[in-house]
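Here is the structure we will look at.
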């Protein structure tokens with residue numbers, strides 16, 4: 001396409017990104033507002049961050065959320081990578097269609113249905129709801145996202161590398177550990193990150209799967225937000241937006257460097 | 001078949017069977033059961049100790065009563081229709097907002113693009129709940145939008161946007177915009193610029209070159225983007241319940257209330273089954289579209 005930044009394109013980029021970022025910017029600015037009134041500026045103050053740190057309920061919920069996210073994303077990464085490997089490499093086996101259906105269906109399933117069905121399962125088998133059931137629920141839907149990310153990497157890489165390792169006397173497991181795994185590692189890591197953020201962010205499924213004793217941060221935020229806007233929630237949101245922004249930017253810089261290195265190595269490999 | 005291969009397949013397979021398929025069968029079963037004042041609040045429950053007769057009896061007691069109920073009570077089919085309408089209208093608005101952004105991104109200088117891409121993806125990683133919450137402070141009666149409009153003198157009395165369907169449209173367009181931009185951008189980026197030059201050389205104005213060349217070639221991206229917005233918007237819960245107030249009917253919200261407020265599990269399950277049936281059509285169409293795309297590329 002011919003690259004010209006016409007006034008039309010410049011306007012739509014400006015307006016578009018203003019629309020995407022202005023609401024979050026307002027939120028961040030007003031988290032430093034002195035006044036309890038969230039729409040009237042009354043001077044700069046970091047006091048709501050102090051309030052937040054003294055709020056035991058939020059801290060507890062944040063701790064539960066982090067635990068759930070760490071556990072479920074790790075489990076989901078293991079299961080999702082296995083599922084991706086099965087989908088791309090295992091060839092034919094009985095029930096393969098059902099298997100790939102079950103990988104893709106949760107991606108389009110409305111959260112209310114996933115949540116409802118898991119809750120009914122937990123009740124049917126008499127499992128007490130708490131941190132454990134939230135981990136099970138999050139692992140299930142996150143593993144599907146992981147397997148989509150990992151399988152797209154598995155599909156694109158050169159299979160002859162694995163075959164070479166097998167020819168040179170590796171067992172299939174060694175070939176996986178020494179050849180396949182290092183190549184798909186970036187995809188596995190981004191799958192883990194995706195699973196982690198999905199778990200941090202989830203309100204609906206966690207609401208169904210949690211018991212009275214285990215409240216995650218989104219559940220807490222949701223019940224607070226229903227009562228209206230509060231400067232404390234603004235402060236909390238600002239912290240979360242900050243963490244995500246730093247994380248995403250670092251990750252993209254790291255992966256950019258990794259891609260560049262890989263390209264360089266490939267070029268050198270061709271020369272040698 | 002060696003043991004390792006069997007374990008490799010069986011582990012994720014059994015997990016998905018147990019935590020995805022079986023729960024769904026339970027929903028289906030409860031949708032066919034009757035409400036009861038008991039724990040759990042439905043009947044019949046399967047009791048395998050009763051032997052074959054108990055199993056036959058169990059299936060005999062299942063019926064479609066809840067589904068008949070869904071067609072008789074206005075609330076349900078009204079909220080199904082309203083969900084479809086809200087999802088369709090907001091998909092259309094998202095397309096109108098997203099297309100120019102994707103187009104401008106595809107035409108921007110090469111060195112800008114990674115940054116622009118990142119700016120589109122970043123909100124996707126930010127908490128959905130927080131992004132919806134941010135609009136409460138903007139759209140409410142004494143919110144920033146009304147303050148701004150009153151200040152400019154465009155209006156004399158604050159507009160009521162919060163707790164209306166309009167607020168839901170804004171919420172859906174805002175949160176799902178990246179899903180629309182990315183596939184359209186991917187389609188436009190691949191576009192061969194010489195085609196447009198050819199059209200212009202042959203006497204097309206810039207507008208008609210866009211209309212006759214660019215737009216048709218970006219159609220796959222537009223279709224993919226529309227499905228990616230429409231499908232999740234249809235079952236949306238967070239946006240209507242935070243921004244839509246009590247007058248906005250959406251089926252995800254009805255299901256939630258049926259379950260948590262009314263504690264009517266069989267009806268909630270029946271609502272879930274119908275919602276899924278409603279979703280199957282767009283999902284199948286989307287799959288077909290993606291497959292055609294892949295075949296066309298190969």
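Considered as a group, the residues in region A:98-109 that are within 22 Å of the chain's Cα centre (by Cα) and at pLDDT 90 or above include one that is farthest from the other protein chains (Cβ to nearest Cβ), and that residue is A:103.
Assess whether residue A:250 counts as being at pLDDT below 90 and in a helix (DSSP H, G or I). Judged against the criteria, residue A:250 is a match. Collect the residues in region B:230-250 that are surrounded by fewer than 19 Cβ atoms within 10 Å (Cβ to Cβ) and either at pLDDT 90 or above or more than 14 Å from chain A (Cβ to nearest Cβ) (or both), keeping them in residue-number order. The answer is B:247, and nothing else.
Check residue B:239 against each of (1) in a helix (DSSP H, G or I); (2) more than 16 Å from the chain's Cα centre (by Cα) and name the one condition it does not meet. That leaves (2) as the condition not met.
Residue-by-condition table, conditions (1) under 23 Å from residue A:117 (Cβ atoms); (2) touching a residue at least 60 places away in the same chain (Cβ under 8 Å); (3) out of contact with any strand residue (DSSP E or B) (no Cβ under 9 Å at 6 or more places or on another chain):
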| site | (1), (2), (3) |
| --- | --- |
| B:201 | no, no, yes |
| B:204 | no, no, yes |
| B:212 | no, no, yes |
| B:237 | yes, no, yes |
| B:240 | yes, yes, yes |
| B:247 | no, yes, yes |
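Tell me, please, whether a residue that is touching a helix residue (DSSP H, G or I) at 6+ places or on another chain (Cβ under 9 Å), more than 8 Å from every other protein chain (Cβ to nearest Cβ), over 29 Å from residue A:193 (Cα atoms) and assigned to a helix (DSSP H, G or I) can be found in region B:107-128. Checked region B:107-128: no residue is touching a helix residue (DSSP H, G or I) at 6+ places or on another chain (Cβ under 9 Å), more than 8 Å from every other protein chain (Cβ to nearest Cβ), over 29 Å from residue A:193 (Cα atoms) and assigned to a helix (DSSP H, G or I).
Comparison of A:126, A:228 shows that the only residue that is surrounded by fewer than 16 Cβ atoms within 10 Å (Cβ to Cβ), part of a loop (DSSP other than H, G, I, E, B) and more than 8 Å from chain B (Cβ to nearest Cβ) is A:126. With respect to being more than 10 Å from every other protein chain (Cβ to nearest Cβ), more than 29 Å from residue B:274 (Cα to Cα) and either within 19 Å of the chain's Cα centre (by Cα) or modelled with pLDDT of 90 or more (or both), residue B:199 falls outside the description.
Going through A:86, A:135 one at a time, which residue ends up being over 19 Å from the mean Cα position of the chain (by Cα), farther than 18 Å from residue B:26 by Cα and buried (at least 21 other Cβ atoms within 10 Å of the Cβ)? Selected residue: A:86, the only one of A:86, A:135 that is over 19 Å from the mean Cα position of the chain (by Cα), farther than 18 Å from residue B:26 by Cα and buried (at least 21 other Cβ atoms within 10 Å of the Cβ). Scanning region B:1-40 for residues that are modelled with pLDDT under 70 and either under 19 Å from residue B:255 (Cβ atoms) or within 12 Å of chain A (Cβ to nearest Cβ) (or both) turns up B:1, B:39, B:40. Kindly check whether there is at least one residue in region A:174-182 that is away from chain B (no Cβ under 12 Å), over 19 Å from the mean Cα position of the chain (by Cα), touching a residue at least 12 places away in the same chain (Cβ under 8 Å) and within 23 Å of residue B:255 (Cα to Cα). Checked region A:174-182: no residue is away from chain B (no Cβ under 12 Å), over 19 Å from the mean Cα position of the chain (by Cα), touching a residue at least 12 places away in the same chain (Cβ under 8 Å) and within 23 Å of residue B:255 (Cα to Cα). Taking the numbered list (1) assigned to a loop (DSSP other than H, G, I, E, B); (2) at the interface with chain A (Cβ under 10 Å from one of its Cβ atoms) in turn, residue B:227 passes all entries but (1).
Checking the stated criteria, residue A:50 turns out to be free of Cβ contacts under 8 Å to residues at least 12 places away in the same chain, assigned to a helix (DSSP H, G or I) and more than 8 Å from chain B (Cβ to nearest Cβ). Those helices (runs of 4 or more DSSP H) of region A:138-215 in which at least 1 residues are in contact with a helix residue (DSSP H, G or I) (Cβ under 6 Å, 6 or more places away or on another chain) and within 21 Å of residue A:109 (Cα to Cα), considering only elements entirely within it, cover A:181-201, A:204-209.
Does residue B:137 fit the bill of being facing chain A (nearest Cβ under 7 Å) and in a helix (DSSP H, G or I)?
yes
The residues of region B:181-196 that are under 30 Å from residue B:241 (Cβ atoms) and within 11 Å of chain A (Cβ to nearest Cβ) amount to a single one, B:181.
Which residues, counting only those in region B:72-86, are crowded, with 21+ Cβ neighbours inside 10 Å and under 16 Å from residue B:229 (Cα atoms)? Answer for region B:72-86, where residues must be crowded, with 21+ Cβ neighbours inside 10 Å and under 16 Å from residue B:229 (Cα atoms): B:83, B:86. Based on what the data block shows, is residue B:152 within 12 Å of another protein chain (Cβ to nearest Cβ) and either modelled with pLDDT of 90 or more or farther than 29 Å from residue A:225 by Cα (or both)? Criteria not met by residue B:152. Residue A:244 satisfies every condition listed in (1) surrounded by fewer than 18 Cβ atoms within 10 Å (Cβ to Cβ); (2) outside the structural domain of residue A:98 (by TED's automatic domain parsing) except (1).
The values are calculated or read from the model by the stated rules, or taken from the named source; none is laboratory data. Keep in mind that this is a model prediction, so the values were computed, not measured. All Cβ positions, even for glycine, are placed from backbone atoms using ideal geometry, and neighbour counts span all protein chains on display.
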